[in-house]
Amino acid sequence: MKLQEYQSKRIFARYGVPIPAGDVASTPAEAREIAERLGKRVVVKAQVLVGGRGKAGGIKLADTPAEAEAVARRILSLQIKGLPVRKVLVDEAANIRAELYLGLVIDRARQRVVMMGSSEGGVDIEEVAAARPEKIIKAAIDPFIGLRDYQTRELALGMGLERELIRPFGQIARGLYDAFIGSDASLAEINPLVITGDGNGGHGDPPLLAVDGKMVLDDNGLFRHPDLAAMRDVDEETPEEREARQYGLSYVKLDGNIGCMVNGAGLAMATMDITKLYGGAPANFLDIGGGAQADRVAAALRIILSDAHVKAVLFNIFGGITRCDEVARGILAALEQVPTAVPMVARLVGTNEEEGRAILASAQMITASTLAEAAQKAVAAARGSTVSA
Amino acid sequence: MSILVNKNTRLVVQGITGREGLFHTEQMIEYGTPVVAGVTPGKGGEWAAGVPVFDTVKEAVEARGANTSVIFVPARFAPDAILEAADAGIQVIVCITEGIPTLDMIGVKAYLDQVGARLIGPNCPGIITPGEAKVGIMPGHIHRPGPVGVVSRSGTLTYEVVYALTQRGIGQSTAVGIGGDPIIGTTFVDALKLFEEDPQTEQIVLIGEIGGTDEERAADYLAGRMVKPVTAFIAGQTAPPGKRMGHAGAIISGGTGTAEEKIKALQAVNVKVARHPEEIAEIVASQM
């Protein structure tokens, strides 16, 4: 589960990471009020769960509350990569001397949480990793020992930080690590982590400030964090994704026109791939999981058919413990609940496949015995033609 | 021969009195797996599926000589169940449970590495040595004994491939589902090493998917070291970046973990990569 910038930064702040003063607004008037309250130059930032907000015009400075209102009005009317902007964060503008990067990820190969720091902040860290990998300093963290002070010192020195910044950097690194562990995160990023212009004095700014924040939480850990689970932004989900989640279905919408309904995640991906191999394009990833309850199959079918691009549906079911005849009856019951003229190709294989196929043949479905045959028939059906068996 | 489980397996089922645990215990016994004990805390002294139930794994090991465990307990209790099995001296621990938090698994895996216990999974279908022992949830009847070792991150996709092999009359030495999570106990490299050393295994089928770099590391391992032919399939060539495809570990993130990279890495070390699952059996048959 991805968190918005303002949510991520509020979590960081709870763990002692300094963030700019600010608040979140849903209307231009609210943005103006926040700017008035802050009484300083502000930055107005679109809260959407995609990258590239700046380039899309979703981040703007404003010198006065009136300007903040105008800027917020513009940003709240934007769509960024297809997502409407529903909230803006109004933050006190930071006095920026330099931009750093600090992040925590799960390194799957090393099977450790790894902290990464770079002096090249404010840009996409993946670009830094590709172009100047020596600019990324890493520390792998032992799960039993945790993050140690020497590791944050090594990071700070590796990033070329001035001596007086090493201690505040260490505190931020520890805060970010504690936030990561305490939230069951799979990613936590401060980019940029800003070295403020006036160092230690002036406006009383802290020497380092987390100007942007990003967190991705492990869905499997949410049961421990009902407060974080409640932060899920349902507005960011499509209605189909929401319905799929409620039925415990794994669904991802794609751009093609062949709807795929499959049991098992790996098989679902393989089914998508084979439609492409035979010249088609999958409309979705959908794993109906084990079992064959009609209401689940019906929900899955409803979700697939709600996509107007879908011109054919391919069922690929491997019966193991689940029997094919049960699945076939589930599909029939689903078709009664969700009548449609879209052609359906069913391929059932495994336990009781003959019985399953017989049940579906009576329902005017196109049947196939191999996956390759099923994919070819689905591609043909989506084009409005038929292939003889 | 075979790898990891065989007729000398003495299996304890952790979570035997739960709905899934009980159903699959019956299925495993029906297949002929030597199931010697079950564990459910608080139900010691009862019987389930004709098997004595104990409160702890330690008791199951002492009373029944269990040497292998399969875990069906819910995600929030599964890390504890894995650690309990390892602490009781179980050498092969198979965790079927899906949904264990990743940070929990990092700690569990670090502990298992210290005590030298092997974990298969989590979030996996388990492991089967056809004709000898089925430790997991796969349909037993689609398998038959033979010379092909199968290792996979997936469940039903593995059944699909095994079924295609069996239909061509090609049996399997052992089929291992290593699981679809980001942090798993046994990787492709671990399984390849075991198959390379197993005299019964003549060929290996590797079924990967998007996410992580486990397939690339398998390719590195295979370079020069592996004698037995390996045929691979990688699922998720049409998967978009940044979206989780069902499995917690099946996600292209930060530009890494794409099917293209994995296929390229495997082809570079002379692994034949099938274009679709049914083609795997054709390639294996041509190499018999």
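The values are calculated or read from the model by the stated rules, or taken from the named source; none is laboratory data. Treat the numbers as computed from the prediction; the structure is a model and nothing was measured. Positions of Cβ are backbone-derived with ideal geometry, glycine not excepted, and every protein chain shown enters the neighbour counts. Surface areas here come from the heavy atoms of the whole protein model, side chains and all, with no ligands, DNA or RNA. Shrake-Rupley method; radii C 1.70, N 1.55, O 1.52, S 1.80 Å.
Compute the orientation-averaged projected area for the stretch B:143-288 from the convex hull of its Cα atoms and round it to one decimal in nm².
Seen from a random direction, the Cα hull of the stretch B:143-288 projects 7.7 nm² on average.
Take the Cα radius of gyration of the stretch A:7-50 and divide it by 2.2 N^0.38 Å, with N its residue count; two decimals is plenty. It would help to have the intermediate numbers written out before the result.
On the way: Rg = 11.6 Å, N = 44, 2.2 N^0.38 = 9.3 Å.
It is 1.25.
Per residue and in cubic angstrom, what volume does the convex hull of the Cα atoms of the stretch B:229-285 have?
It comes to 85 Å³ per residue, whole-number rounded.
So for the stretch B:144-288, averaging the separation of alpha carbon pairs under 8 Å that are six or more residues apart and normalising by length, what relative contact order in percent results? Don't skip to the answer; put the middle values down first.
Details: 275 pairs, mean separation 37.6, N = 145.
In percent, rounded to a whole number, it is 26.
Given Cβ point charges of +1 (Lys, Arg) and -1 (Asp, Glu) and nothing else, what value in debye, to the nearest 20, does the dipole of the protein assembly as shown about its Cα centre take?
Numbers: 68 positive and 81 negative charges, 136 e Å.
My answer is approximately 660 debye.
How large is log10 of I(q)/I(0) for the stretch B:111-187 at q = 0.21 Å⁻¹ when the intensity is taken from the Debye formula with one equal scatterer per alpha-carbon?
Taking Cα atoms of the stretch B:111-187 as identical point scatterers yields -0.85.
With 27 Å as the limit, write out which pairs from A:Lys276/B:Lys228; A:Lys60/A:Lys138; B:Lys228/B:Lys262 have Cα-Cα distances beyond it, or answer none.
Pairs exceeding 27 Å: A:Lys276/B:Lys228; A:Lys60/A:Lys138.
Under 5 Å between amide H atoms, partner at least 5 residues away or on a different chain: which partners does B:Thr258 have, H built in plane at 1.01 Å?
Amide H neighbours of B:Thr258, under 5 Å, 5+ apart: B:Gly211.
I'd like the Karplus ³J(HN,Hα) series for the stretch B:171-185: coefficients 6.51, -1.76, 1.60, θ = phi - 60°, whole numbers in Hz, and an x wherever there's a Gly or Pro.
Whole-Hz 3J(HN,Hα) from phi for the stretch B:171-185: x, 10, 6, 8, 10, 10, x, 8, x, x, 8, x, 10, 10, x.
Among A:Val211, A:Leu254, A:Ile137, whose Cα projects farthest towards the positive end of the dipole of the stretch A:129-262, with charges put on the beta-carbon of Lys, Arg (+1) and Asp, Glu (-1)?
My answer, from the dipole projection, is A:Ile137.
In whole angstrom, note down how far apart the Cα centers of the stretch A:255-319 and the stretch A:108-145 are.
Value for the Cα centre distance between the two parts: 37 Å.
Report the charge-dipole magnitude of the stretch A:129-247 in Debye, nearest 20, computed about the Cα centre from +1 at each Lys and Arg Cβ and -1 at each Asp and Glu Cβ.
Taking the Cα centre of the stretch A:129-247 as origin, the dipole is about 640 debye.
What FRET efficiency do you get for A:Thr340 and A:Val234 if R0 is 35 Å and r is their Cβ-Cβ distance, rounded to the nearest 0.05?
The pair A:Thr340/A:Val234 has a calculated efficiency of 0.80.
Kirkwood Rh over Cα pairs of the stretch A:197-316 into Stokes-Einstein at 25 °C, 0.890 mPa s: D in µm²/s? Don't skip to the answer; put the middle values down first.
Values: Rh = 17.1 Å.
The Stokes-Einstein estimate is 144 µm²/s.
Could you list which residues have their amide H under 5 Å from that of A:Ala21, counting only those 5 or more apart in sequence or on another chain, with H placed in the peptide plane?
Residues meeting the amide H criterion: A:Glu92.
Convex hull over the alpha-carbon atoms of chain B: what's its volume per residue in Å³?
114 Å³
Using +1 on the beta carbon of Lys and Arg, -1 on that of Asp and Glu, and nothing else charged, what's the dipole of the stretch B:155-288 about the Cα centre, debye to 20? Provide the component values of the computation, followed by the final result.
Numbers: 11 positive and 17 negative charges, 39 e Å.
Charge dipole of the stretch B:155-288: 180 debye, to the nearest 20.
Within 10 Å of each Cβ of B:208-220, how many other protein chain Cβ atoms are there on average?
Values: counts 1, 4, 1, 1, 4, 3, 2, 0, 1, 1, 0, 0, 0.
What the average comes to for B:208-220 is 1.
At 222 nm, what helix-only mean residue ellipticity would chain B give, in deg cm²/dmol to the nearest 500, using -39500 (n - 2.57) for each DSSP H run of four or more? Spell out each step's value before the answer.
Working: 9 runs with 98 residues, N = 288.
Theoretical 222 nm ellipticity from helices: -10500 deg cm²/dmol.
Got a number for carbon plus sulfur as a percent of the stretch B:35-100's accessible area, 1.4 Å probe?
Heavy-atom surface of the stretch B:35-100 belonging to carbon and sulfur, 1.4 Å probe: 51 percent.
May I ask for log10 I(q)/I(0) of the protein assembly as shown at q = 0.12 Å⁻¹, from a Debye sum over the Cα atoms as equal point scatterers with solvent left out?
Scattering profile of the protein assembly as shown, log10 relative to I(0): -1.30.
Taking amide H atoms as placed 1.01 Å from N in the peptide plane, list the residues 5 or more away in sequence, or in a different chain, whose amide H sits under 5 Å from that of A:Ala312.
Residues meeting the amide H criterion: A:Gly259.
For chain A, which whole-number percentage of the solvent-accessible area (1.4 Å probe, protein heavy atoms only) is attributable to carbon and sulfur atoms? If you can, show how the numbers build up before the last one.
Values: 8020 of 16250 Å².
With neighbouring chains kept in place, the figure for chain A is 49 percent.
What span do the alpha-carbon atoms of the stretch A:248-381 cover on each of the three principal axes, reported in whole Å from largest to smallest?
32, 27, 27
Whole number in Å², please: accessible area per residue of the stretch B:1-156, 1.4 Å probe, ligands, DNA and RNA not counted.
On the way: 5660 Å² over 156 residues.
Each residue of the stretch B:1-156 exposes 36 Å² on average to a 1.4 Å probe.
Summarise the partner chain shielding of B:244-253 as one whole number: the mean count of Cβ atoms from other chains within 10 Å of each residue's Cβ. Before the final figure, lay out each step's value.
Working: counts 5, 9, 15, 7, 5, 2, 6, 1, 0, 7.
The mean count of partner-chain Cβ atoms within 10 Å per residue comes to 6.
Percent of alpha carbon pairs in the stretch A:147-195 separated by more than 16 Å?
The calculated P(r) of the stretch A:147-195 puts 39 percent of pairs beyond 16 Å.
Report, in whole Å, the centroid distance computed from the Cα atoms of the stretch B:190-256 and the stretch B:72-122.
Each part reduced to its Cα centre gives a spacing of 22 Å.
Show which lysines lie in cross-link reach of B:Lys134 when reach means a straight Cα distance below 22 angstrom and same-chain residues fewer than eight apart are skipped.
Cα-Cα hits under 22 Å: B:Lys7, B:Lys193.
For the stretch A:167-261, state what percent of all Cα-Cα pairs lands in each successive 10 Å bin, counting from 0 Å until the bin that includes the largest distance.
13, 30, 25, 19, 10, 3, 0
Please report the antiparallel percentage of the DSSP beta bridges confined to chain B, to the nearest 5.
20 percent
What are the equivalent ellipsoid semi-axes of the stretch B:1-76, built from the alpha-carbon gyration tensor (square roots of five times its eigenvalues), in whole angstrom, biggest first?
Semi-axes, largest first: 18, 14, 12 Å.
Less than 22 Å apart at the alpha-carbon level, and either on another chain or at least 8 residues along: which lysines does that give for A:Lys2?
A:Lys45, A:Lys55, A:Lys81, A:Lys87, A:Lys214, A:Lys253, B:Lys243
Within 10 Å of each Cβ of B:124-136, how many other protein chain Cβ atoms are there on average?
Average neighbour count from other chains, rounded to a whole number: 0.
Compare the Cα positions of A:Val85, B:Leu206, B:Gly169 along the charge dipole of the protein assembly as shown (+1 at Cβ of Lys, Arg; -1 at Cβ of Asp, Glu; about the Cα centre) and return the one farthest towards the positive end.
Checking the options against the dipole of the protein assembly as shown, the answer is A:Val85.
Per residue of chain A, what 222 nm ellipticity follows from adding -39500 (n - 2.57) for every DSSP H run with n ≥ 4, rounded to the nearest 500?
When only DSSP H runs of four or more count, the value is -10500 deg cm²/dmol.
Tell me the total accessible area that B and A bury against each other, 1.4 angstrom probe, in square angstrom rounded to 100.
4100 Å²
Obtain the radius of gyration and the Kirkwood radius of chain A from its C-alpha atoms and give Rg over Rh.
Looking at chain A, the ratio lands at 1.09.
Around B:Gln172, what is the net charge, scoring Lys/Arg as +1 and Asp/Glu as -1 over all other residues with Cβ under 15 Å from its Cβ?
0
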